[in-house]
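Written out below as structure tokens is the structure these notes cover.
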Amino acid sequence: MLIPRHAAIVGGGFSGTLLAINLLRHGSLHVTLIERRPDRLGRGLAYGAAQADHVLNVRAANMSAFPDRPDHFATWLKTRNKGSETSFATRRDYGDYLCDLLDDMQRAAPGRFTIIADEAVDLELKPDGVRLILASGGTVDADVATIAPGNLPPHRLPAFAGLNSAAYVNDPWSCDLAEGLGPDDRVMLLGTGLTAVDSILSLVNGGFEGSILALSRRGLAPHAHAPAAPFTACRDKPTGPLSTLLRQIRRRGLEIGWRNAIDELRPFTQDMWRASFAPERQRFLRHLRPYWDVHRHRIAPQVAARLEALCDEGRLTIMAAKILDAVPDRDSLAITIRRRGMTGGETMPVARVVNCTGPLGDLRRSSDSLLNRLAERGAVRADELAIGIDVDRQGRALTRDGEAQERLFVVGPMTRGAHWEIVAVPDIRRQVWTLARHITGAHWVEAEGL
């Protein structure tokens, strides 16, 4: 059995930071964390680029960093007079919470934790370990390595491929979305999900007084959290094909409310995904995913209220439509769309277009040097749905031939192909906690591996 003495982690966002903390908690090994953006260490993109009133989409009671200490974050909030179990805390506060955890662990494990501000551009797998090559020319030798790439930037939609215009923003977190815009301008958001919600808030908070048009194929926006009536959750995993499951959820929703019907699936979702075959998963992604996302990944009530007010004021429109063409027009863009259910197109001037389609999952389109080199050598591969990196249930990276790597792991949203539900804090914290116990052997100490 492999007993690592040194573990390296590439990526210091939420997933990588929390894995480092758990490795130090459960073992006696040395941990090296490599992060190219030291200003986002512990925070990542989600909590490092957040504005003051960007709030979490989950109540504090379910946002603890540790599955074995469920009240940890709520306690942290209360001791600082920042909220309680029922609060939707700000993302900045959650970023501070993660940084506090990192600082606490550095003090608790002196000499066992190294942070390197650099970019890992390659990784060599050897019979006795791994070697990480850094952009600075340095190297890091370890027994095992874990890649925690977080969410990769979105790819361009076909209508915007090759477009060279300052009016098009491919990464909504890369700039001030409201800068240079006037009250008569229109901004178009490509997507109506959580990324679009964040971009709407960023525009309004940035002083934008013009109109916002958010569009997607179905025009679905996230639903809001709301108080749910007490109910007795089902203890048995649902069975059957997706069509049967959909009918079961609808029937259950009539009995206990749709929010409860969705939430009671949480303990079973990953197992249900793993038990399904590729054609079923493909049908889910094509036909049901948009509906699942808006019901499963809900927004805070106060955010929903702001969006409703913007719609009532005529400043925000959410539309089901498809982009047909995008043509530069001086400092703006002429966008042609076709509304859902219509046959003809319509063209409108847009001062700024923001890609809010969400993070990239297709490894084949990635521009990340490390991931590209590993994929070229066959050390990692895309999953069969091209929504992430292929891993086994233990998080081990699979080679081009499907062999599990004993010394290379992947955590975070890029493992969605294997787990599906692996984008929210409750899912990732369980993933990294389990992996840390596997790497350190803690699961054997407490007989969990028997």
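Taking D293 as meeting all but one of (1) part of a helix (DSSP H, G or I); (2) without any contact (Cβ under 8 Å) to a residue 24 or more places away in the chain; (3) not aromatic (F, W, Y), write down the number of the exception.
Result: D293 passes all but (2).
For the structure I just gave you, tell me whether L245 is outside any strand (DSSP E or B) and in contact with a strand residue (DSSP E or B) (Cβ under 7 Å, 6 or more places away or on another chain).
So L245 does not fit the description; no.
For D171, indicate whether it is out of contact with any helix residue (DSSP H, G or I) (no Cβ under 9 Å at 6 or more places or on another chain), closer than 17 Å to V197 by Cα and touching a residue at least 40 places away in the same chain (Cβ under 8 Å).
Judged against the criteria, D171 is a match.
Residues that are closer than 25 Å to A404 by Cα and more than 26 Å from the chain's Cα centre (by Cα): list the strands (runs of 3 or more DSSP E) wholly contained in segment 77-151 that include at least 1 such residues.
Output list reads 120-126, 129-134, 139-142.
Could you check, for segment 425-448, whether at least one of its residues is loosely packed, with under 14 Cβ neighbours inside 10 Å and of a type in the set (A, V, I, L, M)?
The answer is yes, given that some residue of segment 425-448 is loosely packed, with under 14 Cβ neighbours inside 10 Å and of a type in the set (A, V, I, L, M).
All but one of (1) among the basic types (K, R); (2) under 20 Å from T269 (Cα atoms); (3) touching a Lys or Arg at 6+ places or on another chain (Cβ under 8 Å) hold for R296; state the number of the condition that does not hold.
If we test R296 against (1) among the basic types (K, R); (2) under 20 Å from T269 (Cα atoms); (3) touching a Lys or Arg at 6+ places or on another chain (Cβ under 8 Å), just (3) comes out false.
Name the single residue, out of those in segment 374-422 being of a type outside the set (D, E, K, R), without any contact (Cβ under 8 Å) to a residue 24 or more places away in the chain and out of contact with any strand residue (DSSP E or B) (no Cβ under 8 Å at 6 or more places or on another chain), that is surrounded by the fewest Cβ atoms within 10 Å (Cβ to Cβ).
Within segment 374-422, the match that is surrounded by the fewest Cβ atoms within 10 Å (Cβ to Cβ) is G402.
Counting only residues that are in a loop (DSSP other than H, G, I, E, B) and small (G, A, S), which one in segment 152-170 is modelled with the highest pLDDT?
Checking each candidate, the answer is A167.
Show the residue pairs that are 6+ apart or on different chains and have beta-carbon atoms under 6 Å apart, the first residue being within segment 344-359 and within 26 Å of G417 (Cα to Cα), the second being surrounded by fewer than 18 Cβ atoms within 10 Å (Cβ to Cβ) and polar (S, T, N, Q).
From segment 344-359, the pairs are N355/N170.
For the condition in a helix (DSSP H, G or I) and of a type in the set (A, V, I, L, M, F, W, C), what is the one hit in A229, A321, A305?
Just a single option satisfies the conditions, and that option is A305.
The values are calculated or read from the model by the stated rules, or taken from the named source; none is laboratory data. Values in this document were obtained by computation on a predicted structure and should not be read as measured data. All Cβ positions, even for glycine, are placed from backbone atoms using ideal geometry, and neighbour counts span all protein chains on display.
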